[in-house]
Structures are given as structure tokens and as C-alpha cells.
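Have a look at the structure below before the remarks.
The values are calculated or read from the model by the stated rules, or taken from the named source; none is laboratory data. All values reported here derive from a predicted model rather than from experimental measurement. Virtual Cβ from ideal backbone geometry, glycine too; neighbours counted across all protein chains shown.
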């Protein structure tokens, strides 16, 4: 029925496999993966054992049964392929999916499809033309043809012999612009260095905490000419801590945001919310009022102030 109705299936084997691995005894191997250097320290901390979302709800004894289930999913994936079901590549990569780093996890999922029994050609099809068809965009991308978007990889080795050869790039063409591997490696190195510097700044913010002075963090930020993080990025980092209910950490980040961007109503709104969630009514009111001073149309702050003044 799935094949007859043209329904595409994304097996997402890599996500399930990595969940099983990270709740097991060898999570340390995942923490050593080099691509983690490209992620913010706050994200990496959330993936480590102490804060790992899966280890909080499962134990190491659940790892072996999950690995067995992964083997079953491999067999199911191969059965779908043989039945003519359209398979597409996908890894669920996000900050909330530990160890699934964008780009790198897609390569891992290619390998997972081959490990399930697909040929390298079938796995590559799932990542290219099949994905385009499932999105109704087969006339735009997914194949190399006249009129298609000029996005492609040029490789130094044949991926049909070993699907892992997709990492042996000679270069990448993105919308018609050629990027040789040398330039790609240089860009990746620059990003890795920038992330290291960003993590150092945020470590200084964490050291200041919810009460201390932020002078050192501000100096480091300004030495970098503000190129590492904009206001939105800093706010997102604070929201990340909010989602984990780590309100002291969120407050330290949002304080940093208001220090750097004192005319931003949103920065004060976020800080007000963090203080409110921590139960600090006085500081919550003060920051919500500041947000309203900067933006009288901020209805969220108005509603929060009504609640704060009524409930306490």
C-alpha cells in the first residue's frame, strides 16, 4: 500500500542508532567525534552524560534492546526498498538530537542505509533524486541535467564502490558557484576557530553567573568585533538554557545580551522572563518595564507584568 500510494519513507536509521549508543556504556566514543568541535559548548554540554536527554529517561541496560531494534529497522528498511517504496535520507539533525551534527549526520545515514542492505547507488538515490521527487521538486534539483539547480559534489573516489567516498571531495558547486576542497577546508577551519572563540566568550559569561560583572566577556566579544555572535544568536543560547529550566545560566546569557544591546526591547523581555521563571519578581518587573519603555507595543511584556503584579 505504501508503494502503491507513492508515500515516501525516511528510515532515519542514524538517529535511532545514535540514541542506542549514547545511552550505552560507550558514550565517551561519541563525545570524541571531531565534528563536535563545530557545535557550541552549551549544546555539547547538553549532549554529555549529565544533561543528556535520553540518559535522563533511559538506563544503560536499555541500550542492548535498542540496538536489537535497530537491527530490525534495518531489515524493515531493506524490505521497503525491495517492495518499491520510495526511501529518502534524513537524520533529524538538530540541537535537540544529541550527536547528530548537520551535514555529518547525513553522511552517517548514507552509511546506515548501505549497512541495511541497500546498494550505494540506492542510498545515494535516497539522498538526491528520491528526496527531490518526494518534495515535488524533481524539476529543480536531485539530478544533474540541463535546467536543474547547479548543486553537486565532485569526488576523488567512486561512491558506488564505497558510499563513504562522498567525503573525498575535490570540490562542491553551490547554485553554480565552484568551491574547491581547499577553500572548503579553509572555511571549516575558520568556523572551528570562531566556535572555539565563541565558547571562550560564553565561558566568561558563565563565570560571571547571574550576579557577577561581565566586563571580561564584553571585552572578548568586542575584540572579535561582534562577528561571532549577533543579538539573535545570544538570545537563542539563553532560550536553550530556558528550555532546560536552567534559569541561572539563562539569566547570565540574557544579562550579557542586555549589556551588549541596551536598546533591544527583546533582550530585556527575555531577561524578564528568565527572572520570572526563577521567581525573582522584582527583577522580572524591572526588566519587563524596560522592555516596554523600548517598545510600547510589546504585549507579551504587558501581560507578564499584569500577572506578576496580580499573583504576588
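At-a-glance table
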item: Among (1) in contact with a helix residue (DSSP H, G or I) (Cβ under 7 Å, 6 or more places away or on another chain); (2) buried (at least 18 other Cβ atoms within 10 Å of the Cβ), the one test that residue 117 misses; result: (2)
item: Given (1) more than 30 Å from residue 33 (Cα to Cα); (2) touching a residue at least 40 places away in the same chain (Cβ under 8 Å); (3) in contact with a helix residue (DSSP H, G or I) (Cβ under 6 Å, 6 or more places away or on another chain); (4) outside any loop (DSSP other than H, G, I, E, B), index of the condition residue 210 fails; result: (4)
item: The stretch 213-240, subset in contact with a helix residue (DSSP H, G or I) (Cβ under 7 Å, 6 or more places away or on another chain) and in a loop (DSSP other than H, G, I, E, B), residue modelled with the lowest pLDDT; result: 228
item: Residue 185, sole failed condition from (1) farther than 30 Å from residue 11 by Cβ; (2) free of Cβ contacts under 8 Å to residues at least 12 places away in the same chain; (3) under 23 Å from the mean Cα position of the chain (by Cα); (4) surrounded by 13 or more Cβ atoms within 10 Å (Cβ to Cβ); result: (4)
item: Any hit, the stretch 134-148, residues being part of a helix (DSSP H, G or I) and within 26 Å of residue 90 (Cα to Cα); result: yes
item: Hey, residue 169 surrounded by 14 or more Cβ atoms within 10 Å (Cβ to Cβ) and either more than 29 Å from residue 19 (Cβ to Cβ) or outside the structural domain of residue 71 (by TED's automatic domain parsing) (or both) or not; result: yes
item: Breaking point among (1) touching a helix residue (DSSP H, G or I) at 6+ places or on another chain (Cβ under 7 Å); (2) touching a residue at least 12 places away in the same chain (Cβ under 8 Å), for residue 129; result: (1)
item: Count of residues meeting criterion [within 22 Å of residue 98 (Cβ to Cβ) and free of Cβ contacts under 8 Å to residues at least 24 places away in the same chain] in the stretch 216-263; result: 4
item: Total residues in the stretch 105-126, condition touching a residue at least 60 places away in the same chain (Cβ under 8 Å) and closer than 15 Å to residue 153 by Cα; result: 1
item: Qualifying residue in the stretch 195-212 (condition: surrounded by fewer than 16 Cβ atoms within 10 Å (Cβ to Cβ) and modelled with pLDDT of 95 or more); result: no
item: Residues of the stretch 240-259 classified as surrounded by fewer than 19 Cβ atoms within 10 Å (Cβ to Cβ) and closer than 20 Å to residue 289 by Cα, total; result: 1
item: Residue among 113, 100, 89, 118 that is assigned to a helix (DSSP H, G or I), in the same structural domain as residue 49 (by TED's automatic domain parsing) and modelled with pLDDT of 90 or more; result: 113
item: Where residue 288 falls short, out of the listed (1) closer than 24 Å to residue 50 by Cβ; (2) surrounded by 15 or more Cβ atoms within 10 Å (Cβ to Cβ); (3) touching a helix residue (DSSP H, G or I) at 6+ places or on another chain (Cβ under 6 Å); (4) free of Cβ contacts under 8 Å to residues at least 60 places away in the same chain; result: (1)
item: Number of positions in the stretch 151-165 that are in a loop (DSSP other than H, G, I, E, B) and either surrounded by 13 or more Cβ atoms within 10 Å (Cβ to Cβ) or under 26 Å from the mean Cα position of the chain (by Cα) (or both); result: 4
item: Residue check, residue 218 surrounded by 20 or more Cβ atoms within 10 Å (Cβ to Cβ) and either at negative phi or assigned by TED's automatic domain parsing to the domain that holds residue 276 (or both); result: no
